[in-house]
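Asks: My structure is below; once you've seen it, I'll send some questions.
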There are 2 protein chains.
Amino acid sequence: MREYRHPQITEVQLESVLYALSDPIRLSIVRQLAREGEASCAALENGRPKSSVSHHFRVLREAGIIKTRNDGTSRINELRDNELAEVFPGLLPAILAVRS
Amino acid sequence: MREYRHPQITEVQLESVLYALSDPIRLSIVRQLAREGEASCAALENGRPKSSVSHHFRVLREAGIIKTRNDGTSRINELRDNELAEVFPGLLPAILAVRS
DNA sequence: TCTATAGTTCGATATAATTCGAACAATAGC
DNA sequence: GCTATTGTTCGAATTATATCGAACTATAGA
C-alpha cells in the first residue's frame with residue numbers, strides 16, 4: 001500500500017488541530033497513542049467499523065497530529081508530539097493532561 | 001434583554017472548547033478579547049452580518065469560553081480565562097501563544 | 001496460488017454547522 | 001412616545017461531517 005502524505009509540521013494549522021481533536025473518538029485515539037507510544041489502527045478500533053476508524057485516522061493524519069507508517073499489512077500510528085511541540089508548544093500536553 | 005446562560009466551569013467539555021476554537025472567526029474573536037480584555041459584539045463584527053457574529057458568540061458562550069453581560073443596548077464579552085485555567089490548565093495560553 | 005488479515009476508498013444517507021436576511025426585543029436619549 | 005442602536009431569534013439554503021456497508025488493495029503465510 002502506498003505511503004501516506006503527511007503535512008510538513010510548519011504548514012500545520014492550529015484550527016485543523018483543534019478541529020481534529022474536538023471529536024471524542026479522535027481524542028480517545030490520541031490519548032491511547034499518548035499512553036502506548038504507537039499502535040495499529042486495529043488496536044484502536046474498539047468495535048467500530050473499519051471504514052469509520054480509517055476516516056478518523058485520516059483526519060488526524062491530515063491535521064498533522066499523527067504519523068502513519070506501513071508495517072506488513074498493518075499501519076502503525078504514532079503521535080507527532082515532538083514536532084507539534086515545536087509549533088504549538090504546550091498545546092498537546094495541556095489537552096492530554098485533561099482527565100478522560 | 002434577558003441574561004445569558006453560562007455553563008458552570010466544571011461542566012465545560014474539552015471537546016466543546018476545542019471545537020469552538022477550531023473556527024477561524026471564533027478564534028480571532030478570542031484572540032482579540034485576550035488582547036483587549038473585553039469588548040462588545042459590535043467591536044468584533046469586522047463587517048460580518050450581525051446574525052452570523054451573534055451565532056459565533058453563542059457557540060463561544062455555550063462552550064464556556066466567554067462570559068457575556070448586558071450593558072445598556074450592548075453586550076460586553078470577556079474571556080473566562082481564569083476559570084478555564086482551573087479545569088484545562090495551560091490550554092488557552094498555549095492556543096493564544098500561536099501567532100495569528 | 002489461495003486465504004486470511006489490515007486498511008483504504010467509494011458512495012449513499014443522515015446529521016450538524018454555517019451563513020445571512022428579516023423580524024423581533026431591549027435599552028438610551030430626545 | 002418615537003427613533004436609533006445593539007443584538008437575538010427564526011427560517012431557509014448551503015455546506016461540511018460522520019457513519020457504515022461494499023468493493024478494493026496490499027501483504028503475509030501456508
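Asks: Considering only residues of the range A:63-88 that are within 14 Å of chain B (Cβ to nearest Cβ) and surrounded by 14 or more Cβ atoms within 10 Å (Cβ to Cβ), which is nearest to the chain's Cα centre (by Cα)? First the steps, then the outcome.
Replies: First, the residues of the range A:63-88 that are within 14 Å of chain B (Cβ to nearest Cβ): A:63-65, A:81, A:84-88.
When the remaining residues are screened for being surrounded by 14 or more Cβ atoms within 10 Å (Cβ to Cβ), the result is A:63-65, A:81, A:84-85, A:87-88.
Values: A:A63: 8, A:G64: 8, A:I65: 5, A:D81: 9, A:L84: 11, A:A85: 14, A:V87: 16, A:F88: 15 Å.
The extreme case among them is A:I65.
Asks: Look at the range B:54-89 and say how many of its residues are within 29 Å of A:S100 (Cα to Cα), free of Cβ contacts under 8 Å to residues at least 40 places away in the same chain and among the acidic types (D, E).
Replies: Final tally of qualifying residues: 0.
Asks: How do the pairs read when you match residues in the range A:22-51 that are at negative phi and within 13 Å of DNA strand C (Cβ to nearest atom) with residues anywhere that are open to solvent by 30 Å² or more (accessible area, probe 1.4 Å) and outside any helix (DSSP H, G or I), using Cβ under 6 Å and keeping only pairs 6 or more apart or on different chains?
Replies: As it stands, the answer is A:E38/A:E78; A:S40/A:S74; A:C41/A:R75, since those pairs meet every condition given.
Asks: Could I ask something else about it? Which residues, taken from the range B:1-43, are more than 30 Å from A:P24 (Cα to Cα), under 13 Å from the mean Cα position of the chain (by Cα) and of a type in the set (A, V, I, L, M)?
Replies: At the first step, the residues of the range B:1-43 found to be more than 30 Å from A:P24 (Cα to Cα) are B:1-3, B:35-43.
The next check asks that each one be under 13 Å from the mean Cα position of the chain (by Cα); those that pass are B:35-41.
B:A39, the sole residue that qualifies.
Asks: Moving on to the next point. Of all residues in the range B:72-92 being in contact with a strand residue (DSSP E or B) (Cβ under 8 Å, 6 or more places away or on another chain) and not hydrophobic (A, V, I, L, M, F, W, C), which is farthest from DNA strand D (Cβ to nearest atom)?
Replies: Looking only at the range B:72-92, we keep the residues that are in contact with a strand residue (DSSP E or B) (Cβ under 8 Å, 6 or more places away or on another chain), and these are B:74-80, B:92.
Checking the rest, the ones that are also not hydrophobic (A, V, I, L, M, F, W, C) come to B:74-75, B:77-78, B:80.
Working: B:S74: 4, B:R75: 4, B:N77: 8, B:E78: 12, B:R80: 16 Å.
Taking the candidates together, the pick is B:R80.
Asks: Also: What single numbered condition from (1) out of contact with any helix residue (DSSP H, G or I) (no Cβ under 9 Å at 6 or more places or on another chain); (2) open to solvent by 70 Å² or more (accessible area, probe 1.4 Å); (3) of a type in the set (S, T, N, Q) fails to hold for B:S40?
Replies: (2)
Asks: Give the residue that is farthest from the other protein chains (Cβ to nearest Cβ), with candidates limited to residues of the range B:12-21 that are away from DNA strand C (no atom under 11 Å from the Cβ) and among the aliphatic types (A, V, I, L, M). Write out each step before concluding.
Replies: So in the range B:12-21, the residues away from DNA strand C (no atom under 11 Å from the Cβ) come out as B:12-14, B:17-18.
Then keep just the ones that are among the aliphatic types (A, V, I, L, M); that gives B:12, B:14, B:17-18.
Details: B:V12: 11, B:L14: 5, B:V17: 8, B:L18: 4 Å.
So, considering only residues that are away from DNA strand C (no atom under 11 Å from the Cβ) and among the aliphatic types (A, V, I, L, M), the one farthest from the other protein chains (Cβ to nearest Cβ) is B:V12.
Asks: Going residue by residue through the range A:28-46, is there one that turns out to be near DNA strand D (Cβ under 9 Å from one of its atoms) and either of a type in the set (D, E) or within 14 Å of chain B (Cβ to nearest Cβ) (or both)? Please lay out each step first, then the result.
Replies: Quick first cut of the range A:28-46, residues near DNA strand D (Cβ under 9 Å from one of its atoms) only: none.
No: the range A:28-46 contains no residue that is near DNA strand D (Cβ under 9 Å from one of its atoms) and either of a type in the set (D, E) or within 14 Å of chain B (Cβ to nearest Cβ) (or both).
Asks: Taking the conditions exactly as written (open to solvent by less than 60 Å² (accessible area, probe 1.4 Å) and more than 16 Å from DNA strand D (Cβ to nearest atom)), does A:I95 satisfy them or not? Let's see the steps before the verdict.
Replies: Numbers: open to solvent by less than 60 Å² (accessible area, probe 1.4 Å): yes; more than 16 Å from DNA strand D (Cβ to nearest atom): yes.
Criteria met by A:I95.
Asks: Would you pick out the residues in the range B:1-16 that are closer than 25 Å to A:V17 by Cβ and touching a Ser or Thr at 6+ places or on another chain (Cβ under 7 Å)? I'd like the intermediate steps shown before the answer.
Replies: So in the range B:1-16, the residues closer than 25 Å to A:V17 by Cβ come out as B:7, B:9, B:11-16.
Answer for the range B:1-16, where residues must be closer than 25 Å to A:V17 by Cβ and touching a Ser or Thr at 6+ places or on another chain (Cβ under 7 Å): just B:E15.
Asks: Could you tell me how many of the residues in the range B:45-62 are more than 16 Å from B:R2 (Cβ to Cβ), of a type outside the set (G, A, S) and open to solvent by 10 Å² or more (accessible area, probe 1.4 Å)?
Replies: Looking only at that region, the number is 8.
Asks: In the set A:E62, A:E83, which member is acidic (D, E) and closer than 30 Å to B:E86 by Cα?
Replies: Details: A:E62 fails: closer than 30 Å to B:E86 by Cα.
Matching residue, one of A:E62, A:E83: A:E83.
Asks: Only one of (1) within 23 Å of B:L92 (Cβ to Cβ); (2) more than 14 Å from every other protein chain (Cβ to nearest Cβ) is not met by A:P24, so which one is it?
Replies: Unmet condition: (2).
Asks: Inside the range B:1-11, can you point out the residues that are within 14 Å of another protein chain (Cβ to nearest Cβ) and either of a type in the set (A, V, I, L, M) or open to solvent by less than 20 Å² (accessible area, probe 1.4 Å) (or both)? Break it down into steps so the answer makes sense when it comes.
Replies: So the first thing to find is which residues in the range B:1-11 are within 14 Å of another protein chain (Cβ to nearest Cβ), and the list is B:9-11.
Answer for the range B:1-11, where residues must be within 14 Å of another protein chain (Cβ to nearest Cβ) and either of a type in the set (A, V, I, L, M) or open to solvent by less than 20 Å² (accessible area, probe 1.4 Å) (or both): just B:I9.
The values are calculated or read from the model by the stated rules, or taken from the named source; none is laboratory data. Quick caveat, the model's predicted, so the values are computed rather than measured. So basically every Cβ, Gly included, is an ideal-geometry build from the backbone, and we count neighbours across all protein chains shown. Side chains included, ligands, DNA and RNA excluded: accessible areas come from the protein's heavy atoms. Shrake-Rupley method; radii C 1.70, N 1.55, O 1.52, S 1.80 Å.
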